[in-house]
Structures are given as C-alpha cells and as structure tokens.
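Let me begin by presenting the structure, written as structure tokens, before commenting on it.
The values are calculated or read from the model by the stated rules, or taken from the named source; none is laboratory data. Predicted model, so just to flag it, every value in this text is computed and none were measured. Surface accessibility is based on the protein's heavy atoms, side chains included, excluding ligands, DNA and RNA. Shrake-Rupley method; radii C 1.70, N 1.55, O 1.52, S 1.80 Å.
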Amino acid sequence: MIMCTVKARPQDIAQGWELGCDGYVSKPFGPRELADEARSVMSRSPEERVAIQRAARAEWRTMAARLTT
C-alpha cells in the first residue's frame, strides 16, 4: 500500500509506516513520482519491507515519547 497524503512532517510519515504502508508520497505529486514509488515498493523483498516498517515504528515511538514527556 502506498499512502498518498498532504501530510509530510516526519511524524506523519512515521505514523504511515506504523499503520503498515509500504510507500509514502506527499501531495502535490506527479504521476512520475507515484510510479517511481510504486516501482520502489515492488522491488523490495519481504524482508526489506519488514525492516523498513520496524525502523519506522521505532522512530514513531521515539517521537511519541518526546511529545508526551
């Protein structure tokens, strides 16, 4: 799943990863940017996808902890 959204802050992107997206494109974007992201997502192995999502979850938790303290 590629998330297409107007939100482009690092915490928004990390939250997208936390929710399980495989790619993230911020609006406004062109068709070429979306196609490039789709190619990138499709070229990743399942192991790479899991590693990216784990790293994003860790980043999200770190940002959330900073906001609550």
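Could you pull out every residue, at least 5 positions away or on a different chain, whose amide H is within less than 5 Å of the one on residue 7? Hs are placed 1.01 Å off N in the peptide plane, and Pro or chain starts have none.
So residue 7 has HN proximity to 27.
Residues of the chain: accessible area per residue at 1.4 Å, in Å²? Write out the running numbers ahead of the final one.
Numbers: 4770 Å² over 69 residues.
For the chain, the per-residue accessible area is 69 Å².
Quick check: the angle from helix 31-43's long axis to the longest principal axis of the chain, C-alpha only, nearest 10 degrees?
So the inclination is approximately 80 degrees.
Percent relative contact order of the chain, based on C-alpha pairs within less than 8 angstrom and at least six residues apart? If you can, show how the numbers build up before the last one.
Working: 62 pairs, mean separation 25.2, N = 69.
Averaging sequence separation for qualifying contacts and normalising by length gives 37 percent for the chain.
At 1.4 Å probe size, with the rest of the protein present, what percent of the exposed accessible area of the chain is carbon and sulfur atoms?
58 percent
Going by alpha carbons, how many degrees (0 to 90, nearest 10) lie between the helix axis of 46-68 and the longest principal axis of the chain?
Compared with the principal axis, the helix lies near 40 degrees.
Report, as a whole number in µm² per second, the diffusion coefficient that Stokes-Einstein gives for the chain at 10 °C and 1.306 mPa s using the Kirkwood radius over alpha carbon pairs. Walk me through the numbers before you get to the answer.
Values: Rh = 12.6 Å.
It diffuses with D of about 126 µm²/s by this estimate.
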